[in-house]
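The values are calculated or read from the model by the stated rules, or taken from the named source; none is laboratory data. As the structure is a prediction and not an experimental result, all values here were calculated from the model. Note: ideal-geometry Cβ built from the backbone for every residue, glycine included; neighbour counts use all protein chains shown.
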Amino acid sequence: MDVLYADVLLPLPLEGSFTYLVPPVFQPSLAVGCRVLVPLGANKQVTGVVMGLHGNKPAKGRLKSLIDQLDTEPLLGEETLAFWSWIAAYYCCTLGEVMNAALPAGLKPSEADADQLDRGTQRLVDVVYPGAEYADSPELLLEVLPQLTKAKKQAHLLNVFLTNMLTHSSEEPILQKGIEKRTLLDQSNATGAQLKALVERGLLEIRSIPAEPSMEAQPLQAPALLNEPQNKALASINDQFNQYPVCLLHGYTASGKTELYIHLIKDCIEQGKQALMLVPEIALTTQLAYRLKRVFGDELGIYHSGLNVRERLDVWRQVGRQNGCKVVLGARSAVLLPYHNLGLVVVDEEHDSSYKQQDPAPRYHARNAAMVLAARHGAKTLLGTATPSLESYAHCKAGRYGLAELFFRYADASLPRVEAVDTKDLKRRKKMKSLLSPPLLEAMEAAFEAGDQVILFQNRRGFAPMVTCKVCDWVPKCPQCDVALTYHKYHGRLACHYCGYEEALPTRCPSCGEPKPSPLGFGTEQVEEEVKVRFPGISTIRMDTDTTRASGAFTRLLDRFQKGEAQVLIGTQMVSKGLDFSRVRVVGVLNADQMLAFPDFRAHERAFQLMAQVGGRGGRRDRQGLVIVQTGRPDNPVIRHVVNQDFTAFFNEEMMVRQLFGYPPYGRIIHLSFRHIDQQIVRQAALFYAEACRERFGHRLLGPDQPQVGRVRNQYRQSLLLKLGLDESAADAKCFLLQQREALKADARFRSVQLVFDVDPV
């Protein structure tokens, strides 16, 4: 038999692939796209994907052999591997980083994962993967779990749990999601105290999970009948798809865009193709899942990073099969699934910045990647939103995308009335005695008397962005980041929102000894406290990162508000996205100026979108809603366009600024971030790199300079911003930038400096 070599891609931030010798036993069935287990370094084993098979022995180095072949047939098709390669090239990252992001954990087991765990947990991890000799006997796991030899009832309880959790598929043993607490106690004849003991030891975990409606016993339903405006919009979309691969659906909030999505998806799967629907937040998948499930049943798969290993693995495998999932609903990571016959991609709330992955690499934009994915499959892409991104709308105006419109609210609901309240003038006249302006307080009072609900939007969590000593101006700062610590009154703590550092609020100023520092500014916690003081009998719900961390918390809070268990919903930008409440009559935007003042060329665009989106949550049925925007600059053009609800005027005005300064869509942007623990070294590295690039890019390369937050997690930062004209080759520019990064690394002074590329930052 001829000698065969395999080029193997590993899920690591390393350039290129690694070549291994293929043992004769694997040669007949091994193919490109199969997973293999390979040795790495002295004593590590890592799962990789075969990218190529050949008979060319590498010129240098002693080759190691594959340890095992994990797939009898290719797990990944050529189209998926080609899409991965596009992501790596476009977003300036390694193919291994794309692989690491794309494959769920259950498909890339490695010894490196288990090395970080204690011995008992290692055995539990091993059960998830094939090849464990004790996989059929959960009781054997008890031999390696600590401290249970004398606690026989606890050991029995754990054994019953493991026996229930361990199931076997045709491919490997897997752990199920969980078991109901009452069922576990009944089966094991155990007490709550024994269960509590296992929880305290960290061996089990108790979670409150909202019950999801079962669709198994219900017959599938046809999509809802469309009204006349929806039918016209649907016909327009199909007409646009005859001319363009991408169509933007620009429709009011509460206009019924989701029903159009469902009709288009149904048409797609009836043609024997797959459909993908992306949403910007994991929480939105829960809301949409019920609506899609009742139409598509078991043909629907849900995929996002909040699911457990088994759930993600099941959907991942189903999507790649001919008779698997026909419809996928998911957040941005769903774009990385191995689709085999994609016919339609729907990107809901296409303007949302959450579609952009920030850290770690690949720093891809799911909307843009989805359009490339669709094009590779010959599929159509529908972008839906009430507030289009300026780039998408500009592409429509330039004739690159189709445009369909739905300027009609469902059930003839009127658009809310928007008013700007001049808080600066109210303060000057000493009439602003609260976080809530008199007009907003009056509107809230009227809403409560009518049995209606209120949403208050403040895009900052915590009680106050900082605290300060009124005597000496001392401000507590994070020891690891160059930011003030945010005050969280509920926990009595100061916290850094960049690295997670926390400390207790001091009772006295450590600088001058004055009593307790005072809060400066306000966040959602302070808003909630103010509402409770002003309206003692009114129930509130606060929705921000602090209150929605627990599994299912977002859905539970929304469900409570939907049922009318609270009259006021207070939250950050998460309350602006895709929510439909029939009883909301008043929406308050408490600090519009904070969004407008952010030092970024997209600040005005994001501010307009957020205010328009959160305002659209009000007045969705028989009565007109009211949106009150509190601002010290009511004459600001962005505020004026929000009040007039005039997207076209805002678009035209903002595009003039973009064109003047060469910002997207009139140019492309690449942001480069240098990071190092030594401030001088990172500054020198940025200057060295900028000098090497300046000759080619000239004035289009801005910086280096220190970003707004100059140190995060004890790493100092420097930034460069490269503007590329539309007539320039972005691929050539990226190639040059990567070459200069290698030159930077070749200098011993800068070998440990991290250089991060962010292509098309948001």
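Could you please let me know if ALA404 is modelled with pLDDT of 95 or more, assigned by TED's automatic domain parsing to the domain that holds LEU264 and buried (at least 18 other Cβ atoms within 10 Å of the Cβ)?
Judged against the criteria, ALA404 is a match.
Do we find a residue being under 20 Å from GLU97 (Cα atoms) and surrounded by fewer than 18 Cβ atoms within 10 Å (Cβ to Cβ) anywhere in the range 292-301?
Checked against the condition, which is being under 20 Å from GLU97 (Cα atoms) and surrounded by fewer than 18 Cβ atoms within 10 Å (Cβ to Cβ), the range 292-301 yields no hits at all.
When you go through (1) under 19 Å from THR548 (Cβ atoms); (2) of a type in the set (S, T, N, Q); (3) modelled with pLDDT under 95 one by one for SER511, which number turns out not to apply?
It is condition (1) that SER511 fails.
Assess whether GLU605 counts as being in contact (Cβ under 8 Å) with a residue 40 or more places away in the chain, in a helix (DSSP H, G or I), closer than 27 Å to GLU349 by Cβ and in contact with an Asp or Glu (Cβ under 8 Å, 6 or more places away or on another chain).
When the stated conditions are applied, GLU605 passes them.
Does GLY492 qualify as being farther than 25 Å from GLY710 by Cα and either surrounded by fewer than 21 Cβ atoms within 10 Å (Cβ to Cβ) or modelled with pLDDT of 90 or more (or both)?
It is true that GLY492 is farther than 25 Å from GLY710 by Cα and either surrounded by fewer than 21 Cβ atoms within 10 Å (Cβ to Cβ) or modelled with pLDDT of 90 or more (or both).
With of a type in the set (Gly, Ala, Ser), touching a strand residue (DSSP E or B) at 6+ places or on another chain (Cβ under 7 Å) and on the phi > 0 side of the Ramachandran plot as the only criterion, which of GLY451, GLY492, GLY500 stands out?
GLY492
For the range 75-85, does any single residue satisfy the condition of being at pLDDT 50 or above and more than 34 Å from the chain's Cα centre (by Cα)?
No, that holds for no residue.
Answer yes or no as to whether PHE581 is hydrophobic (A, V, I, L, M, F, W, C), under 30 Å from PRO438 (Cβ atoms), touching a helix residue (DSSP H, G or I) at 6+ places or on another chain (Cβ under 7 Å) and modelled with pLDDT under 90.
yes
Among what's in the range 376-434 and is acidic (Asp, Glu) and in contact with a strand residue (DSSP E or B) (Cβ under 9 Å, 6 or more places away or on another chain), pick the residue that is farthest from GLU530 (Cα to Cα).
GLU405
Does any residue of the range 507-516 turn out to be of a type in the set (Asp, Glu), more than 30 Å from the chain's Cα centre (by Cα), surrounded by 14 or more Cβ atoms within 10 Å (Cβ to Cβ) and outside the structural domain of GLN613 (by TED's automatic domain parsing)?
yes
Any idea how many residues of the range 531-579 are over 14 Å from LEU284 (Cβ atoms), buried (at least 22 other Cβ atoms within 10 Å of the Cβ) and hydrophobic (A, V, I, L, M, F, W, C)?
Result for the range 531-579: 5.
Hey, can you tell me all the residues within the range 269-281 that are surrounded by fewer than 22 Cβ atoms within 10 Å (Cβ to Cβ) and within 25 Å of the chain's Cα centre (by Cα)?
If the condition is that a residue be surrounded by fewer than 22 Cβ atoms within 10 Å (Cβ to Cβ) and within 25 Å of the chain's Cα centre (by Cα), then GLU281 is the only one that fits.
Can you say whether GLU259 is of a type in the set (D, E, K, R) and either in contact with a helix residue (DSSP H, G or I) (Cβ under 9 Å, 6 or more places away or on another chain) or at pLDDT 90 or above (or both), as far as the supplied structure shows?
Answer is yes for this residue.
Within the range 408-440, which residues are in contact (Cβ under 8 Å) with a residue 24 or more places away in the chain, surrounded by fewer than 18 Cβ atoms within 10 Å (Cβ to Cβ) and touching a helix residue (DSSP H, G or I) at 6+ places or on another chain (Cβ under 8 Å)?
Those that are in contact (Cβ under 8 Å) with a residue 24 or more places away in the chain, surrounded by fewer than 18 Cβ atoms within 10 Å (Cβ to Cβ) and touching a helix residue (DSSP H, G or I) at 6+ places or on another chain (Cβ under 8 Å): GLU419, SER434.
Can you name every one of the strands (runs of 3 or more DSSP E) wholly within the range 18-96 that holds 2 or more residues which are among the β-branched types (Val, Ile, Thr)?
Here the list reads 35-40, 44-54.
Are there any pairs, at least 6 apart or on different chains, whose C-beta atoms fall under 7 Å, with the first in the range 219-236 and at negative phi and the second assigned to a loop (DSSP other than H, G, I, E, B), and if so, which?
Hits for this filter: PRO229/PHE408; GLN230/GLY256; LEU234/LEU226.
Do we have LYS177 as at pLDDT below 75 and in the same structural domain as ALA155 (by TED's automatic domain parsing) here?
yes
Kindly evaluate ALA155 against the criterion of being modelled with pLDDT of 70 or more, of a type in the set (A, V, I, L, M) and surrounded by 15 or more Cβ atoms within 10 Å (Cβ to Cβ).
yes
Is it the case, given these coordinates, that GLY619 is modelled with pLDDT under 95, in contact with a strand residue (DSSP E or B) (Cβ under 9 Å, 6 or more places away or on another chain) and part of a loop (DSSP other than H, G, I, E, B)?
Yes.
If I go through the range 282-300 residue by residue, how many of them are under 18 Å from the mean Cα position of the chain (by Cα) and either of a type in the set (Val, Ile, Thr) or modelled with pLDDT of 85 or more (or both)?
Total meeting the criteria: 5.
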